[in-house]
Amino acid sequence: GKGKELTEWLPKSFEGVGCAAVRGTQFTVDFDNWSNLKYIGAYAFSMMPNLESFTVTDDIEFGLRKNQQVPDGTSNALQGSGLSVIDLGSHPTSIRDSEFKGTAIEEIDIPKSVTSVDVWAFADCRNLKRVTFHGETALHLVPFPACGIETFVIEEGAKITSDDQNPFRSQTNTTVSYPAVTSLKNVEILGTLETSRTDMTTETLWKNMFSPSEQLKEVTVSDANLQYVKAETFPKMENLKVVGDDATFEASLAGCTNLKTVDLTGCKKITSYAN
């Protein structure tokens, strides 16, 4: 398929691509003009280096393939491809195990419809710089190992829960070792980020996720999340912005020796209990 566009090579009547049908080929694919595409089988477009962008629409059905690790099935339709732009649309309810593993995506907006992101969903996405959540989403185990995330955003009204001690932590199995995410530079948490585990606190989750990133200097939080902003969580923080009506400081900024600015212009009330 090198030098060929798949939709020009296929008959115009083609509506679907079966399991692994063009996996590993060098076709380009003009998804935007493939208006009658209705079905994408498991691994259908995986390992295709010349893909560029893809938009999930309500008309497309994804086939699933079961295995021992994921008995309910996963599609892995685009795993390991050259896709740099993926628009999830507004209807997906989950992002399954290894769904976009190894793709070249640069940023991802996870819509309100997505209620779960499974283990290794974005593993080894080295070019992934920005992740934004818009709804109530559960993170299962470690969805983001070996990602280059620089900006992590939870929009106002969104709620993210994690059932792992750190969804950014390193991962190792018998064949591969993925490093932890330590590339964060900017976090914006206006919604909720909490643990669903009974053996740890939400404060510990924040510390596990953010403290390893030594370049993390820009922090924006809602007033409700100000309680989690501490030196041990953001040791290199230089600029803090608080959004909300009531900014209550306890001892949260004690020890933040790199802190240069605190922006409270969006707060109506400021309370401090710090010594």
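A few points about this structure:
- Principal axes of segment 79-131: Cα extent on each, largest first, Å: 25, 19, 16
- For segment 122-135, 3J(HN,Hα) computed residue by residue from phi via the Karplus equation (6.51, -1.76, 1.60; θ = phi - 60°) reads 10, 4, 6, 8, 5, 8, 6, 9, 9, 10, 10, 10, 10, x Hz, glycine and proline entered as x.
- Cα-based shape type of segment 1-44, given that a ≥ b ≥ c are square roots of the gyration tensor eigenvalues and the cut on a/c is 1.5: oblate
- DSSP bridge analysis restricted to segment 97-235 gives an antiparallel fraction near 5%, rounded to the nearest 5.
- Kirkwood-Stokes translational diffusion coefficient of the chain, alpha-carbon pairs, 4 °C, 1.567 mPa s, µm²/s: 65
- Accessible area expressed per residue, the chain, with surrounding protein chains retained (probe 1.4 Å, Å²): 48
- Approximating the spin labels as points 7 Å out from Cα along Cα→Cβ, the Asn36-to-Glu106 distance works out to 3.4 nm.
- Taking only Cα atoms of segment 184-275, radius of gyration then Dmax in Å: 12.6, 37
- Beta bridges by DSSP in the chain, antiparallel share as percent, to the nearest 5: 5
- Other-chain or far-sequence residues with amide H under 5 Å of Ser162's (modelled H): Leu139, Glu194, Thr195, Ser196
- Convex hull volume per residue in cubic angstrom - Cα atoms of segment 146-233: 100
- Rh (Kirkwood; distinct C-alpha pairs) - segment 1-143, Å: 15.2
- Nearest-10 value in Å² for the accessible area of Cys19, using the 1.4 Å probe: 80
- Taking only protein heavy atoms and a 1.4 Å probe, the accessible area of the chain is 44% carbon and sulfur.
- 3J(HN,Hα) from dihedral phi, segment 166-177, Karplus parametrisation 6.51/-1.76/1.60, rounded to Hz, x for glycine, proline: 6, x, 9, 6, 5, 9, 9, 10, 5, 10, 8, 10
The values are calculated or read from the model by the stated rules, or taken from the named source; none is laboratory data. The structure presented is a predicted model; accordingly, all values stated were derived computationally and were not measured. Please note: Cβ atoms are built from the backbone with ideal geometry, for glycine as well, and neighbour counts cover all protein chains shown. Please note that ligands, DNA and RNA were not included when accessible areas were found on the heavy atoms of the full protein model with its side chains. Shrake-Rupley method; radii C 1.70, N 1.55, O 1.52, S 1.80 Å.
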